[in-house]
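Where a number appears in this text, it was derived from the coordinates with a stated rule and is not lab data. If you're wondering where the values come from, they're calculated on a predicted model, not measured in any experiment. Using ideal geometry, Cβ is built from the backbone for each residue, glycine included, and neighbour counts are taken over all protein chains shown.
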Amino acid sequence: MRIMDWKKTLAGLIAGLACAAAAVPSLAQQAGTQFIGITGYRVGPYGANGAAFFGGFIDYLQLVNERDGGVNGVKLSWEECETEYNNAKGVECYERLKTKTATGPTAIHPMSTGITYALIDKAPTDKIPLITFGYGRTDATDGRVFPWVFPLMSNYWDAATGIVRFIRDKEGGSDASLKGKKIVLLYHDSAYGKEPHAVMEAEAKKLGFELKMIPVPHPGNEQQSQWLQIRQYRPDWVVLWGWGVMTATSLQTAQKVGFPREKIVGNWWAGSEIDTEAAGPAATGYYAASLNLGGKGFPVVQEIEKVVYGKGKGNGNPKLIGTVLWNRGVAAGMFTVEAVRKAQEKFGKKPVSGEQVRWGIENLDINAGRLKSLGFNTMLPPIKVTCQDHGGSGQVRFQQWSGTEWKAVSDWMKGDAAMVRKMIEDSAAKYAAEKGFKPACL
């Protein structure tokens with residue numbers, strides 16, 4: 001789908017949402033349901049990405065209602081508030097959604113590292129868990145310091161060290177393979193883009209490669225000067241920390257200056273069809289990390305297509321079904337539902353509060369058997385969350401764009417897990433000391 005197609009998709013989505021809002025009462029007004037507040041975004045330079053993710057998220061909630069009658073008989077309800085990927089608007093949405101029901105908004109997925117930082121100190125007071133699936137503040141993985149924040153699956157430092165390991169393997173496979181090599185980190189100049197700096201610097205010192213970090217101002221649709229720097233520097237590899245229009249622009253500009261896309265590795269927010277199809281032929285050969293596999297070959301995707309879209313209740317464009325970001329949204333919906341289900345085991349089969357869902361998330365154990373029974377199979381690696389580890393996997397997988405589709409080129413793997421864990425604990429301990437409290441499990 002090209003950029004103009006995504007714009008048409010977006011316009012249709014906005015029009016559809018406006019009509020739906022005018023025609024029916026808010027689902028949040030239905031008493032006795034499990035209310036889920038959604039701080040989403042479908043407009044602006046990140047809107048196409050948000051539409052895919054939140055479309056999948058809502059489609060999964062709809063599947064649980066339509067197919068299962070809810071979670072143990074408790075129907076799900078939700079309301080979406082547009083943040084435009086703006087920190088101030090994200091906080092406004094959070095404040096509005098938290099008042100919608102007596103039990104609160106279950107859990108919030110900010111889908112923005114900047115909004116996550118803005119909400120971290122609010123969540124403990126409001127007793128609302130934040131699920132930051134593959135993004136946000138990395139040291140929040142230490143649940144003894146950040147009991148209300150859950151960077152589920154893997155965090156940015158897992159991603160960065162995983163990418164370095166992938167490059168190391170391409171260069172020979174030993175720790176000495178990167179000695180003397182040059183790597184550029186081309187990053188979105190925001191809290192999101194700055195998150196991997198510390199761990200990339202640590203990797204450069206440890207493995208002996210030269211690191212150059214180059215920022216790209218928001219939103220990233222002008223990068224001529226950055227790529228001229230890259231051409232003059234002559235790096236061996238470029239690590240692309242992009243989001244929204246930045247990623248496709250990077251790939252197209254790399255082609256213009258003659259830098260091979262086979263030497264560019266994106267993180268998982270720079271590795272969807274939205275990025276590569278918008279870039280056209282300039283994306284062929286490009287690598288990216290991934291939190292999840294794309295494709296329709298998973299029972300849960302086929303169930304949504306049959307049960308939800310078959311009844312005309314899909315949230316977005318059917319062309320998004322099975323894309324990387326849409327599947328990630330489905331996975332995020334599943335984590336939320338499974339946390340509610342887990343909380344119900346302890347607190348009863350009724351709408352549960354944010355505080356109770358926090359316990360549910362912290363006790364999630366979604367092994368390979370459970371993934372299969374939920375229809376996810378190998379889309380995700382198993383995940384087990386504990387108080388000490390609010391991530392639960394730390395794994396990453398790599399894919400390459402063939403020109404028409406993403407193809408997996410690695411198994412699930414970890415980067416430098418020992419170094420990442422030590423840096424998380426050191427950083428979290430420093431935060432706790434600054435705030436004046438002693439880390440402990442709730």
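Observations on the model:
- Tensor-based shape of the range 313-420 (alpha-carbon gyration tensor, a/c under 1.5 rounded, otherwise prolate or oblate): oblate
- Checking the cross-link pairs LYS263/LYS414; LYS296/LYS384; LYS194/LYS438; LYS306/LYS384 against a 22 Å limit on the alpha carbon distance flags LYS296/LYS384; LYS194/LYS438; LYS306/LYS384 as lying beyond it.
- 0 to 90° range, to nearest 10: angle between helix 197-207 axis and the chain longest Cα axis: 40
- Relative contact order (%) - the chain, alpha-carbon pairs under 8 angstrom, separation at least six: 21
- In a fully extended conformation the segment linking GLU222 and GLN388 would gain 55.6 nm over its present Cα-Cα distance, using 0.36 nm per residue.
- Taking packing as the residue-averaged number of other Cβ atoms within 10 angstrom, the listed peptides 264-273, 174-183 run from highest to lowest as 264-273, 174-183.
- For the chain, the longest principal axis of the Cα atoms and the long axis of helix 156-170 meet at an angle of about 40 degrees.
- In sequence order, calculated HN-Hα J values of the range 119-125 (Karplus, 6.51, -1.76, 1.60; Hz; x Gly/Pro): 9, 4, 7, 7, 4, x, 5
- With the highest mean first, a sort of the peptides 87-94, 103-110 on other beta-carbon atoms found within 10 angstrom per residue produces 103-110, 87-94.
- Proximity of backbone amide H atoms, modeled 1.01 Å from N, is registered between LEU185 and LYS212, MET213, ILE214, VAL239 at under 5 Å, excluding neighbours fewer than 5 places apart on the same chain.
- Rounded to the nearest 0.05, the FRET efficiency derived from the C-beta distance between ASP365 and GLU262 at R0 = 30 Å is 0.20.
- Förster-model FRET efficiency, 22 Å R0, ASP411 and GLU171, C-beta, rounded to 0.05: 0.70
- Karplus-derived HN-Hα couplings along the range 267-277 (A = 6.51, B = -1.76, C = 1.60, θ = phi - 60°), whole Hz, x at Gly and Pro: 7, 6, 8, 10, x, 10, 5, 4, 6, 6, 5
- Scattering profile of the chain at q = 0.06, 0.07, 0.08, 0.11 Å⁻¹ [log10 I(q)/I(0), Debye over alpha-carbon scatterers]: -0.23, -0.32, -0.42, -0.81
- Magnitude of the charge dipole, the range 89-182, Cβ model with Lys/Arg +1 and Asp/Glu -1, debye to 20: 180
- Per-residue HN-Hα couplings for the range 214-230 [Karplus 6.51, -1.76, 1.60; θ = phi - 60°; Hz; x = Gly/Pro]: 10, x, 10, x, 4, x, x, 8, 9, 9, 4, 5, 5, 6, 5, 4, 5
- Global form of the range 208-321, assessed from the alpha-carbon gyration tensor, a/c cut-off 1.5: prolate
- Nearest 10 degrees, 0 to 90: helix 324-347 Cα axis against the chain principal axis: 40
- Look at the dipole of the chain built from charges on Cβ: of ILE120, GLY394, GLY73, the Cα furthest out on the positive end belongs to GLY73.
- Spacing of the two label points (7 Å from each Cα toward its C-beta) at ASP121 and THR404, in nm: 5.3
- When peptides 428-434, 33-39 are sorted by average Cβ neighbour count within 10 Å, with the highest value leading, the order is 33-39, 428-434.
- Residue with peak Gaussian network fluctuation, the chain [Cα springs, cutoff 10 Å], from GLU305, GLU84, GLU171: GLU171
- 18 Å Cα-Cα threshold exceeded, pairs from LYS75/LYS122; LYS98/LYS127; LYS75/LYS342: LYS75/LYS122
- Counting only aspartates and glutamates at least 8 places from LYS313 when in the same chain, those with an alpha carbon closer than 14 Å to its own are ASP59, GLU66, GLU303, GLU305.
- Computed extension length for LYS194-LYS422: 80.2 nm, one decimal, from 0.36 nm per residue of separation with the Cα-Cα distance subtracted.
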